[in-house]
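The values are calculated or read from the model by the stated rules, or taken from the named source; none is laboratory data. These numbers were taken from a predicted model, which means no experiment stands behind them. Counting neighbours? That spans all protein chains shown, and the Cβs are built from the backbone with ideal geometry, glycine included.
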2 protein chains.
Amino acid sequence: MSKRKPPERSNQRYRTRKDLIDAAGRLMKNGHKPSLEEVAEAARVSRATAYRYFPNVEALLVEAPLDTAAPDWDALFAGDASIDPEERVDRAEAAMHRMVFDNEAAIRLMLSASVARAARETDGEAVPYRQNRRTPLIEAALAPARTRFKKANYNRLRAALAMIFGSESMVVFRDVLRLDEKTARAVKSWAVRALVRAALDESQAQ
Amino acid sequence: MSKRKPPERSNQRYRTRKDLIDAAGRLMKNGHKPSLEEVAEAARVSRATAYRYFPNVEALLVEAPLDTAAPDWDALFAGDASIDPEERVDRAEAAMHRMVFDNEAAIRLMLSASVARAARETDGEAVPYRQNRRTPLIEAALAPARTRFKKANYNRLRAALAMIFGSESMVVFRDVLRLDEKTARAVKSWAVRALVRAALDESQAQ
DNA sequence: CATATAATGAGACGATCGTCTCGTGTCAAG
DNA sequence: CTTGACACGAGACGATCGTCTCATTATATG
């Protein structure tokens with residue numbers, strides 16, 4: 001039984017996976033939902049191979065735009081000495097707002113696929129089906145004032161801000177309320193400031 | 001050219017449309033996305049007819065669960081003499097919360113279809129593609145205290161609460177934050193109360 | 001370099017989608 | 001009751017989905 005250590009080939013797998021995600025991201029830019037065949041062709045890969053990496057089209061579309069349109073949050077607070085959490089959270093929301101509204105088409109496709117996929121997998125075993133970029137951003141914004149919050153208040157505030165930060169609120173403003181981008185930004189700016197202030201007040205009172 | 005007034009037959013059209021929506025709502029209860037053929041069969045209608053009423057499957061699924069799971073909001077404040085907007089908004093959110101989490105599967109399908117459909121129709125002409133049940137509910141909750149808000153503050157508060165009330169926040173809590181239903185309700189309860197309070201303060205100050 | 005093994009390509013398969021045409025049934029005005 | 005307009009049913013069509021099998025290529029190790 002001359003067993004040989006199986007070849008790793010992890011680099012090859014990583015590259016083809018990345019090629020697929022990149023191709024999907026490119027094709028989603030214009031808001032057109034690409035068929036898996038289109039993505040595979042753009043990635044110079046056969047259809048069968050694409051299905052070896054992603055169980056369905058949605059799973060592929062979920063990962064695509066996130067990698068493409070991910071700005072560098074670090075630069076947001078880099079040359080900035082502001083400590084005021086209200087100010088920092090508002091600025092972070094502004095950046096997230098821009099990113100979401102600039103990539104609305106692609107993000108809609110991602111969100112749609114994500115929501116449907118989670119519904120399908122409710123009965124099966126859970127899957128890490130969605131990334132979370134907003135929590136790190138929120139935490140970075142709150143970091144300098146971290147000690148001014150009680151722990152419970154901090155966690156509650158963080159969760160509440162997550163409702164406002166993401167792409168879901170964009171859907172509310174556009175599809176439900178039919179409000180324009182500027183109004184949306186104004187409402188969110190007011191809301192995040194009010195929430196930060198409330199959490200601060202409750203933390204220092206008593 | 002003997003022209004005769006064309007037969008109305010609007011009742012027939014209304015019934016088949018309603019039959020299709022009802023059938024879709026029934027099939028979506030368990031979270032399984034029904035194929036259009038399944039819906040048509042359940043509605044005792046041919047596939048071709050279903051396509052005569054809805055351009056695609058998503059358009060059908062968007063309208064279904066809303067009609068099915070729409071409680072009577074009026075009863076919420078019927079035997080209630082509370083005037084405090086904070087209390088009323090919190091109670092309204094609790095009701096919406098229950099409705100959304102009880103029908104999570106169907107609402108996910110609706111939301112997914114709605115978000116994707118809006119993306120597709122971005123280039124074409126706008127379409128009334130989504131109903132808005134939360135705004136009337138929010139307005140009913142704020143009604144008794146309506147005069148205590150300045151107009152701008154009222155509109156801003158109403159929009160901010162819409163972010164928290166709907167099904168979108170459920171997606172945030174479940175898929176992004178991975179928090180359980182109880183925690184979600186607690187966070188939202190705190191947030192809506194804080195927002196109402198902030199809007200009130202800003203309205204009476206100055 | 002040689003080779004076992006992993007990664008890929010090619011393509012068939014049934015199911016569903018969305019569109020189309022044509023024939024039948026049915027309502028309601030005259 | 002008659003009849004014209006309308007709703008409906010049946011079914012074909014190509015496109016895409018997701019799964020499968022089998023052959024071919026590429027890679028890392030000895």
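Among residues of the stretch B:6-17 that are assigned to a helix (DSSP H, G or I), those with a beta-carbon under 6 Å from a residue that is at pLDDT 85 or above and more than 6 Å from DNA strand D (Cβ to nearest atom) at least six positions away or on a different chain give the pairs B:ARG17/B:TYR53. Only one entry of A:LEU60, A:LEU20, A:LEU109 meets the criterion of being touching a Leu at 6+ places or on another chain (Cβ under 9 Å) and either in a loop (DSSP other than H, G, I, E, B) or at pLDDT below 90 (or both), and that entry is A:LEU109.
Considering only residues in the stretch A:15-25 that are more than 9 Å from DNA strand C (Cβ to nearest atom) and surrounded by fewer than 17 Cβ atoms within 10 Å (Cβ to Cβ), the one that is farthest from the chain's Cα centre (by Cα) turns out to be A:LYS18. Does at least one position in the stretch B:154-162 carry a residue that is farther than 18 Å from A:TRP190 by Cβ, in the same structural domain as B:VAL115 (by TED's automatic domain parsing) and either touching a Lys or Arg at 6+ places or on another chain (Cβ under 6 Å) or buried (at least 23 other Cβ atoms within 10 Å of the Cβ) (or both)? Within the stretch B:154-162 (the criterion being farther than 18 Å from A:TRP190 by Cβ, in the same structural domain as B:VAL115 (by TED's automatic domain parsing) and either touching a Lys or Arg at 6+ places or on another chain (Cβ under 6 Å) or buried (at least 23 other Cβ atoms within 10 Å of the Cβ) (or both)), the answer is no, since none of the residues qualifies.
All conditions in (1) within 8 Å of DNA strand C (Cβ to nearest atom); (2) over 19 Å from B:SER112 (Cα atoms); (3) at pLDDT 90 or above hold for B:SER35, with the sole exception of (2). Condition test on A:SER2, is it within 15 Å of DNA strand D (Cβ to nearest atom) and modelled with pLDDT of 85 or more? Answer is no for this residue. Looking only at the stretch A:151-162, residues that are over 11 Å from B:LEU179 (Cβ atoms) and facing chain B (nearest Cβ under 7 Å) come to 1 in all.
Taken over the stretch A:171-184, the criterion of being surrounded by fewer than 17 Cβ atoms within 10 Å (Cβ to Cβ) and in a helix (DSSP H, G or I) is satisfied by A:GLU181, A:LYS182, A:THR183. Being in contact with a Lys or Arg (Cβ under 8 Å, 6 or more places away or on another chain) and more than 8 Å from DNA strand D (Cβ to nearest atom) is the filter here, so list the residues in the stretch B:5-44 that pass it. Listed by number, the residues that qualify are B:ASP19, B:GLY31, B:LYS33, B:LEU36, B:GLU37, B:ALA42.
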